[in-house]
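Have a look at the structure below before the remarks.
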Amino acid sequence: MSQPTSQELIQDLASHPDIMVRRQAAESLGKIGQPEAVEPLLAALRDSNEWVRYAAVQSLGVLGDRRAVEPLTKRLYDAVWRVRQAAALALGNLGDPRALPVLEQVLGTVREPDVDVREAAQQAIAQIQAGIR
């Protein structure tokens, strides 16, 4: 059995009715690392299923494309803690200083209720600040 192409994965991510197929497509697109995966992964951030959003967030963090910074900062306010945590870690991996104000908000005025998300935000801030110096 052959491996699916990035185009097949993009199609699955965009329209497959099975949640697990969409999730696997998002994970695989991050592993393949093709630039054409960024836009479909950004669209998957709005998927109704938390596991698809989670996989898309993780893959965007791996791909390292700066177009993901602003959409990932919005995922810091996702209803699901694991998506918020993954978004913070992905932003740390991207290392873009534009994410700092929102990450600092998570620790300050917003006061994230989940300790794992707060720790991920602290880690991301440290990663970004280390890259600025």
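Bear in mind these aren't lab numbers, they're just calculated from the coordinates by the rules spelled out. If you're wondering where the values come from, they're calculated on a predicted model, not measured in any experiment. Counting neighbours? That spans all protein chains shown, and the Cβs are built from the backbone with ideal geometry, glycine included.
Laid out as a table, the results:
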{"read-out": "Exposure proxy order (Cβ contacts within 10 Å, fewest to most) of D116, D96", "value": "D116, D96"}
{"read-out": "Relative contact order of region 1-63, defined on C-alpha pairs under 8 angstrom at six or more residues apart (%)", "value": "34"}
{"read-out": "Ranked by how many other beta carbons lie within 10 Å on average, peptides 118-126, 51-59 from highest", "value": "51-59, 118-126"}
{"read-out": "For a label point 7 Å along the Cα-to-beta-carbon line of S48, residues of region 7-23 with backbone N under 20 Å", "value": "11-23"}
{"read-out": "Calculated [θ] (222 nm, deg cm²/dmol) that DSSP helices of n ≥ 4 give over the chain, each run adding -39,500 (n - 2.57)", "value": "-21000 deg cm²/dmol"}
{"read-out": "Descending principal axes extents, region 1-63, alpha-carbon based, whole Å", "value": "29, 24, 14"}
{"read-out": "Average projected area [Cα convex hull, region 68-133], square nanometres", "value": "3.6"}
{"read-out": "Gyration tensor verdict on region 20-97 (Cα atoms; rounded if a/c is under 1.5, prolate if a/b is larger than b/c, oblate otherwise)", "value": "oblate"}
{"read-out": "Pair V21, S2: separation of 7 Å Cα→Cβ label points (nm)", "value": "1.8"}
{"read-out": "The chain: proportion of alpha-carbon pairs further apart than 27 angstrom, %", "value": "18"}
{"read-out": "In degrees, nearest ten, helix 6-15 long axis to first principal axis of the chain (Cα)", "value": "80"}
{"read-out": "In degrees, nearest ten, helix 50-63 long axis to first principal axis of the chain (Cα)", "value": "80"}
{"read-out": "Nearest 10 degrees, 0 to 90: helix 81-94 Cα axis against the chain principal axis", "value": "80"}
{"read-out": "Relative contact order [Cα under 8 Å, 6+ residues apart], the chain, whole percent", "value": "18"}
{"read-out": "Contour excess over end-to-end distance, with Cα ends at E70 and Q11 and 0.36 nm allotted per residue", "value": "18.8 nm"}
{"read-out": "Extension gain, K31 back to R111 (0.36 nm per residue minus Cα-Cα distance, nm)", "value": "25.5 nm"}
{"read-out": "Peptides 105-112, 41-48, 85-92 ordered by average Cβ neighbours within 10 Å, highest first", "value": "85-92, 41-48, 105-112"}
{"read-out": "Ranked L100, L94, criterion: other C-beta atoms within 10 Å, fewest first", "value": "L100, L94"}
{"read-out": "Length-normalised contact order for region 68-133 - Cα pairs under 8 Å, 6+ apart - percent", "value": "37"}
